[in-house]
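Below is one structure, written out as structure tokens, with a few remarks after it.
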Amino acid sequence: FRMSVRSAAVSVTPLVTELRKDCTTPLPLLRHVADAMAADMRAGLAVEGGSDLKMILSYVDSLPTGNEKGLFYALDLGGTNFRVLRVQLGGKEERVIATEFDQVPIPKDLMFGTSEELFDFIASGLAQFAQNEGNKFHLPTGTKREIGFTFSFPVKQTAVDSGILIKWTKGFSVSGTAGRDVVACLNEAMERLGLDMRVSALVNDTVGTLAGARYWDDDVMVAVILGTGTNACYVERVDAIPKLQDHASSGSTIINTEWGAFSKGLPLTEFDRDMDAASINPGEQIFEKTISGMYLGEIVRRVLLKMAEADALFGDSILEKLSTPFVLGTPDLCAMQQDTSDDLQDVGSILYNVAGVESNPSARKIVVEVCDTIVKRGGRLAGAGIVGILQKMEEDSKGVIFGKRTVVAMDGGLYENYPQYRTYLSEAVTELLGDDSAKNVVIEHSKDGSGIGAALLAAANSKYH
Ligand code: ADP
């Protein structure tokens, strides 16, 4: 393709400098964010609605120990697919004897249909999968097949095996489910089919990730998802949850923070404010909009569009494509940041193919700097959020967190695939904790733990023991 050599890279430099300045995350700012996260967690635990963070009770208070035995199923509904999985658990020595899984796309029309239609479809997919149980799997006589149900929509949990759908999100608009117990919806569909299975645990995907990681490692205390969106959960002491009335006063439970709604002390720019204003949920999920995969590409697109319009960063390129919201994805930023060639050929082709603009090497260099600025801010703020959670846990239990090995289980496409983001996140954690405490905190990728985690929670909450 033809390269435009007339782009005015020199006059763009002040805009980049300004962006860098506005997005900077020096240690005092990160410390303030971590402190505010810890304070918001505390406020959300004190009273219902007491903070940006909902601090939802998961009712999961028995985590997998490794001793679980038997055949368990998991069902995961959270996006465009639903996934089913079965696992044969053999206890401490044998661990996972066998697993099998399947994935079924949800037909578009069911996302806009009735509750019965959607749950009938899911139950029949589950029935088909359950039919093909090979001889590696054994169900003890006299027991039902038990399911861990990962349901990644906002739910008001009422027990480990029931919860009321608050509202559909992520493009689902199914009539008749909001306000109902989603486990009852699934049970009724299974009954209509004559499928004799039982939901033993209803779990959020972060909670599933924590359980899946904990099965292999007793020191896992926190789980964080960084994918399209973001969320985190952690192990809390029951006596540190004032809003939990008539509870047993000992033991611990998992709290789903819904931390995407956090909003304090973040270094935001005009680009963030404009993106938020144009979003379907203005004023909400501000932390999520600053650190998660759905938004990083869009923030960069807005910056580049301004640089193109105000300073001709891409010469006289036509800006129609670059003006389209969400054309630039976070995977594109990631691909551009991996280009180490002198003239940034890959950056040039991505800009041309994805955003329809022509660029010379100095413009491409600026583009990479913009990507790095937004990704660095996101990764470092995510790190500060993690330290906020650890700090809250430490304040309530001196020495139990930083005085020994503590593992944070990470999952999600952004964390998994973006090496620079991962590095910035872990640098921020180390800066905040200092070398001594940082030595004890292990941030670990837990791949696809959430599916098997749900099956493990079904086992840990089985009615047959
Ligand atoms: P979800 O969060 O939608 O359940 P994932 O955890 O797989 O699913 O995350 C998908 C998200 O991860 C994408 O929306 C994208 O933002 C991000 N992502 C995927 N691949 C990459 C990549 N190569 N580089 C950076 N981000 C990526």
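The values are calculated or read from the model by the stated rules, or taken from the named source; none is laboratory data. The structure presented is a predicted model; accordingly, all values stated were derived computationally and were not measured. With ideal geometry, Cβ positions are generated from the backbone for all residues, glycine too; neighbour counts draw on all protein chains shown.
Here are some residues: Leu63, Leu89, Leu75. Which one is in a strand (DSSP E or B), away from the ligand (no atom under 16 Å from the Cβ) and not polar (S, T, N, Q)?
It is Leu89.
Condition check ((1) in the same structural domain as Gly227 (by TED's automatic domain parsing); (2) within 16 Å of the ligand (Cβ to nearest atom); (3) crowded, with 18+ Cβ neighbours inside 10 Å) across all residues:
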{"position": "Met37", "(1), (2), (3)": "yes, no, yes"}
{"position": "Val47", "(1), (2), (3)": "yes, no, no"}
{"position": "Leu53", "(1), (2), (3)": "yes, no, yes"}
{"position": "Thr99", "(1), (2), (3)": "no, no, no"}
{"position": "Gln103", "(1), (2), (3)": "no, yes, no"}
{"position": "Leu126", "(1), (2), (3)": "no, no, yes"}
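Only residues in segment 294-317 that are basic (Lys, Arg) count as the first member; pair them with residues that are away from the ligand (no atom under 13 Å from the Cβ) and part of a loop (DSSP other than H, G, I, E, B), Cβ under 7 angstrom, at least 6 apart or cross-chain, and list the lot.
Arg301/Leu322; Arg301/Val327
Of everything in segment 131-155, what is crowded, with 18+ Cβ neighbours inside 10 Å and outside any loop (DSSP other than H, G, I, E, B)? Give them in sequence order.
Listed by number, the residues that qualify are Arg145, Glu146, Ile147, Gly148, Phe149, Thr150, Phe151, Val155.
Yes/no matrix, rows are residues, columns are (1) out of contact with any Cys (no Cβ under 9 Å at 6 or more places or on another chain); (2) touching a residue at least 24 places away in the same chain (Cβ under 8 Å); (3) of a type in the set (Gly, Ala, Ser); (4) more than 28 Å from Gln420 (Cα to Cα):
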{"site": "Thr230", "(1), (2), (3), (4)": "yes, yes, no, no"}
{"site": "Tyr234", "(1), (2), (3), (4)": "yes, yes, no, no"}
{"site": "Asn256", "(1), (2), (3), (4)": "no, yes, no, no"}
{"site": "Glu270", "(1), (2), (3), (4)": "yes, no, no, no"}
{"site": "Arg273", "(1), (2), (3), (4)": "yes, no, no, no"}
{"site": "Pro282", "(1), (2), (3), (4)": "yes, no, no, yes"}
{"site": "Gln285", "(1), (2), (3), (4)": "yes, yes, no, no"}
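When residues of segment 405-434 are filtered for being within 16 Å of the ligand (Cβ to nearest atom), closer than 17 Å to Tyr234 by Cβ, modelled with pLDDT of 95 or more and in a loop (DSSP other than H, G, I, E, B), how many remain?
Of the residues in segment 405-434, 0 are within 16 Å of the ligand (Cβ to nearest atom), closer than 17 Å to Tyr234 by Cβ, modelled with pLDDT of 95 or more and in a loop (DSSP other than H, G, I, E, B).
Among (1) surrounded by 15 or more Cβ atoms within 10 Å (Cβ to Cβ); (2) at pLDDT below 95; (3) within 25 Å of Gly413 (Cα to Cα), which single condition is Thr330 missing?
(2)
Can you work out which of the residues in segment 326-367 that are outside any helix (DSSP H, G or I) and charged (D, E, K, R) is nearest to the ligand (Cβ to nearest atom)?
Checked segment 326-367; the qualifying residue nearest to the ligand (Cβ to nearest atom) is Asp339.
Being under 15 Å from the mean Cα position of the chain (by Cα), hydrophobic (A, V, I, L, M, F, W, C) and within 16 Å of the ligand (Cβ to nearest atom), is that true of even one residue in segment 386-394?
no
Return yes when Leu75 is modelled with pLDDT of 95 or more, surrounded by 16 or more Cβ atoms within 10 Å (Cβ to Cβ), within 13 Å of Leu126 (Cα to Cα) and not β-branched (Val, Ile, Thr) and no when it is not.
The answer is yes for Leu75.
Looking for something surrounded by fewer than 22 Cβ atoms within 10 Å (Cβ to Cβ) and within 16 Å of the ligand (Cβ to nearest atom) - is there at least one such residue anywhere in segment 156-168?
The answer is yes; a qualifying residue exists.
Name the residues in segment 221-241 that are closer than 16 Å to Met393 by Cβ and either surrounded by fewer than 21 Cβ atoms within 10 Å (Cβ to Cβ) or touching a Gly at 6+ places or on another chain (Cβ under 9 Å) (or both), would you?
Ala223, Val224, Ala232, Val235, Arg237, Val238, Asp239, Ala240, Ile241
Are there any pairs, at least 6 apart or on different chains, whose C-beta atoms fall under 6 Å, with the first in segment 371-399 and on the phi < 0 side of the Ramachandran plot and the second assigned to a helix (DSSP H, G or I) and at pLDDT below 95, and if so, which?
Once the first residue is on the phi < 0 side of the Ramachandran plot and sits in segment 371-399, its partners that are assigned to a helix (DSSP H, G or I) and at pLDDT below 95 give Asp396/Ala240.
Determine, yes or no, whether Val354 is closer than 26 Å to Leu333 by Cβ, free of Cβ contacts under 8 Å to residues at least 40 places away in the same chain and among the β-branched types (Val, Ile, Thr).
For Val354, the condition - closer than 26 Å to Leu333 by Cβ, free of Cβ contacts under 8 Å to residues at least 40 places away in the same chain and among the β-branched types (Val, Ile, Thr) - is met.
Can you find even one residue in segment 309-319 that is closer than 23 Å to Gln420 by Cα, in the same structural domain as Val357 (by TED's automatic domain parsing) and either among the hydroxyl-bearing types (Ser, Thr, Tyr) or within 16 Å of the ligand (Cβ to nearest atom) (or both)?
no
Give, as residue ranges, the helices (runs of 4 or more DSSP H) completely inside segment 183-299 that count at least 1 residues that are aliphatic (A, V, I, L, M), within 15 Å of the ligand (Cβ to nearest atom) and within 18 Å of Ile56 (Cβ to Cβ).
Qualifying helices (runs of 4 or more DSSP H): 205-216.
Which pairs have Cβ atoms under 8 Å, sit 6 or more apart or on different chains, and link a residue in segment 408-431 that is without any contact (Cβ under 8 Å) to a residue 60 or more places away in the chain and over 22 Å from Met336 (Cβ atoms) to one that is small (Gly, Ala, Ser) and buried (at least 24 other Cβ atoms within 10 Å of the Cβ)?
Cβ pairs passing all conditions: Val429/Gly383.
May I ask you to say which residue of Arg95, Arg83 is within 16 Å of the ligand (Cβ to nearest atom) and outside the structural domain of Glu284 (by TED's automatic domain parsing)?
Result: Arg83 is the single residue among Arg95, Arg83 that is within 16 Å of the ligand (Cβ to nearest atom) and outside the structural domain of Glu284 (by TED's automatic domain parsing).
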